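K.L.:
What follows is a single structure, and I will ask about it in a moment.
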């Protein structure tokens, strides 16, 4: 018998820390339900003390998810832990994940605390968290650069205080696989009560080694891996869930644990959902979930695959969900079929009004696009959520004239704070003209950092999904828009980003602690 590897997903917490990747409460719930369908063991839903919005999002996920454990992050502070405990109060299965830095540079430069003070604070935090739940996880932040003797002292003390999981983070992606694997092995050997806790790892990808470091740790006794869909996360990201799971599943000949409980056929669906909501596109050659992950162009490869798939494919595309891209609805489909298919995709409507609005959008799309795929439905729901948030600026009308030898010109009508305003502008291209027309009305003073277009499905009638990244005063947001007309999708994305910039944000970063 092999051990089961616990899959801990932190897309909703660490993934959201990518600049511009903030998610609404409803978007977090949608992703959490997708993770639950994948049968992920633990879903870290957020950092409840960070802001009222984060608190509400964690509470909403805790209410919605029944089969997975829902986790909230908390610094080693009573106020953080109390807030996490309250957010998780209605969870069917809840966990509090508390942490404090243990590396010399973090203790001296950030915390301004002595090692003894850090040790005392860590134990106090775990004991305090145990007042809310028996499922407590502790992380010594920047463990990868911590002194081994002190790390052993801290882990022994927090396990004795009641931490059932101890997570060893490579917070800055500094470690290499052999070194990190040895660290896990050494800790398990030297900490006297190590057998009383599950050892976990949380690796960042600054050197491109997050997955390799995580798997090395698993080979040396770690039985929980913290990861994210598509490797999303701050800086260079985190270990990619899909790569961790499929490596362990594919190489059962060498790994001493299994991931048989994970429904891997849900991986591609979850990947596309996270990409669509955050606006972070998946590169075509990305392992497992990239568009080219199972494509073969070389004649030699094609010939081999046709004769025997195993010649060049070590896993089946169907096993990770690529066959899920199927046409399900058309222009003659009714409301019940529409509602049923979206329910299968994990989308539920809070009211008949929401259903009617989404169904109306579906009918409009079906008039433009004959074949409606699951990805179209997901984009449609995301679009509905975006529209619902557009209280300050809303796109009402857009007309663009573009022809050879002439400067493109855009005419636009916006509703700004309830008032309709119109403008015209010329630009270097139709999208540039549209953006200039919007700016002539709103005068936002923002800087455009990114403009990206991706097709949602195949074919010339595919919807285009546009991501616009804007920056103002150090704050970065992503806006998304989708339409069969790329220019309209672009304008929608720009307006969505403008509305996100107006939303108040008072959000603490989880690696900032005033203890």
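The values are calculated or read from the model by the stated rules, or taken from the named source; none is laboratory data. Everything numeric here is computed off the predicted structure, so don't read it as measured data. Cβ coordinates were reconstructed from backbone atoms using ideal geometry, including for glycine residues, and neighbour counts include every protein chain displayed.
K.L.:
Kindly indicate the residue of segment 451-485 that is surrounded by fewer than 17 Cβ atoms within 10 Å (Cβ to Cβ) and farther than 23 Å from residue 269 by Cβ and also farthest from the chain's Cα centre (by Cα) among those meeting that condition.
P.N.:
So the residue we want is 460.
K.L.:
In this structure, does residue 9 turn out to be in contact with a helix residue (DSSP H, G or I) (Cβ under 8 Å, 6 or more places away or on another chain) and surrounded by 24 or more Cβ atoms within 10 Å (Cβ to Cβ)?
P.N.:
Judged against the criteria, residue 9 is a match.
K.L.:
Return yes when residue 406 is in the same structural domain as residue 493 (by TED's automatic domain parsing), more than 28 Å from residue 419 (Cα to Cα) and at pLDDT 75 or above and no when it is not.
P.N.:
yes
K.L.:
Looking at segment 200-250, which of its residues are at positive phi and in a helix (DSSP H, G or I)?
P.N.:
Result: 230, 231.
K.L.:
Continuing with the same structure: Can you spot a residue in segment 17-26 that is touching a helix residue (DSSP H, G or I) at 6+ places or on another chain (Cβ under 6 Å) and crowded, with 24+ Cβ neighbours inside 10 Å?
P.N.:
Among the residues of segment 17-26, not one is touching a helix residue (DSSP H, G or I) at 6+ places or on another chain (Cβ under 6 Å) and crowded, with 24+ Cβ neighbours inside 10 Å, which makes the answer no.
K.L.:
Please work out which residue is farthest from residue 33 (Cα to Cα), limiting yourself to segment 43-61 and to residues that are without any contact (Cβ under 8 Å) to a residue 60 or more places away in the chain and buried (at least 24 other Cβ atoms within 10 Å of the Cβ).
P.N.:
48
K.L.:
Continuing with the same structure: Quick one: which of 228, 250, 264, 269 is over 29 Å from residue 476 (Cα atoms) and in contact with a helix residue (DSSP H, G or I) (Cβ under 7 Å, 6 or more places away or on another chain)?
P.N.:
So the residue among 228, 250, 264, 269 that is over 29 Å from residue 476 (Cα atoms) and in contact with a helix residue (DSSP H, G or I) (Cβ under 7 Å, 6 or more places away or on another chain) is 264.
K.L.:
Do we have any residue at all in segment 487-501 that's exposed (fewer than 15 other Cβ atoms within 10 Å of the Cβ) and touching a helix residue (DSSP H, G or I) at 6+ places or on another chain (Cβ under 8 Å)?
P.N.:
No: zero hits.
K.L.:
Quick check on segment 342-370: of everything there that is assigned to a loop (DSSP other than H, G, I, E, B) and either under 27 Å from residue 36 (Cβ atoms) or assigned by TED's automatic domain parsing to the domain that holds residue 33 (or both), which residue is farthest from the chain's Cα centre (by Cα)?
P.N.:
Across segment 342-370, the extreme among qualifying residues is 351.
K.L.:
Test of understanding: among 38, 113, 107, which residue is free of Cβ contacts under 8 Å to residues at least 12 places away in the same chain, more than 18 Å from residue 164 (Cα to Cα) and touching a strand residue (DSSP E or B) at 6+ places or on another chain (Cβ under 9 Å)?
P.N.:
107
K.L.:
Only one of (1) surrounded by 21 or more Cβ atoms within 10 Å (Cβ to Cβ); (2) closer than 25 Å to residue 40 by Cα is not met by residue 221, so which one is it?
P.N.:
(1)
K.L.:
Right, another one. Criterion first (out of contact with any helix residue (DSSP H, G or I) (no Cβ under 7 Å at 6 or more places or on another chain) and surrounded by 20 or more Cβ atoms within 10 Å (Cβ to Cβ)) does residue 40 satisfy it?
P.N.:
yes
K.L.:
Got a number for residues in segment 70-92 being under 22 Å from residue 50 (Cα atoms) and surrounded by fewer than 22 Cβ atoms within 10 Å (Cβ to Cβ)?
P.N.:
So the answer is 9.
K.L.:
Is it the case that some residue within segment 105-115 is under 24 Å from the mean Cα position of the chain (by Cα) and outside any loop (DSSP other than H, G, I, E, B)?
P.N.:
No, that holds for no residue.
K.L.:
One residue is enough: does segment 167-187 have a residue meeting the conditions touching a strand residue (DSSP E or B) at 6+ places or on another chain (Cβ under 9 Å), modelled with pLDDT of 95 or more, under 25 Å from residue 250 (Cα atoms) and assigned to a helix (DSSP H, G or I)?
P.N.:
The answer is yes; a qualifying residue exists.
K.L.:
Then there's this: Only one of (1) farther than 16 Å from residue 509 by Cβ; (2) not in a helix (DSSP H, G or I) is not met by residue 82, so which one is it?
P.N.:
Result: residue 82 passes all but (2).
K.L.:
Does any residue in segment 21-35 that is outside the structural domain of residue 381 (by TED's automatic domain parsing) and free of Cβ contacts under 8 Å to residues at least 60 places away in the same chain come within less than 7 Å, Cβ to Cβ, of a residue that is surrounded by fewer than 24 Cβ atoms within 10 Å (Cβ to Cβ) and assigned to a loop (DSSP other than H, G, I, E, B) six or more places away or on a different chain, and which pairs are these?
P.N.:
These pairs meet every condition: 32/65.
K.L.:
Still on this structure, please answer the following. Just the residues that are touching a helix residue (DSSP H, G or I) at 6+ places or on another chain (Cβ under 8 Å), surrounded by fewer than 18 Cβ atoms within 10 Å (Cβ to Cβ) and within 23 Å of residue 107 (Cβ to Cβ), please, taken from segment 175-193.
P.N.:
Correct list: 186, 190.
K.L.:
Moving to a separate point now. What number goes with the only condition from (1) touching a helix residue (DSSP H, G or I) at 6+ places or on another chain (Cβ under 6 Å); (2) surrounded by 21 or more Cβ atoms within 10 Å (Cβ to Cβ); (3) more than 25 Å from residue 173 (Cα to Cα) that residue 157 does not pass?
P.N.:
(2)
K.L.:
Next up: Can you list the strands (runs of 3 or more DSSP E) found entirely within segment 436-515 that contain at least 1 residues being at pLDDT below 85 and not assigned by TED's automatic domain parsing to the domain that holds residue 273?
P.N.:
Because the criterion is at least 1 residues that are at pLDDT below 85 and not assigned by TED's automatic domain parsing to the domain that holds residue 273, the strands (runs of 3 or more DSSP E) in segment 436-515 that meet it are 447-455.
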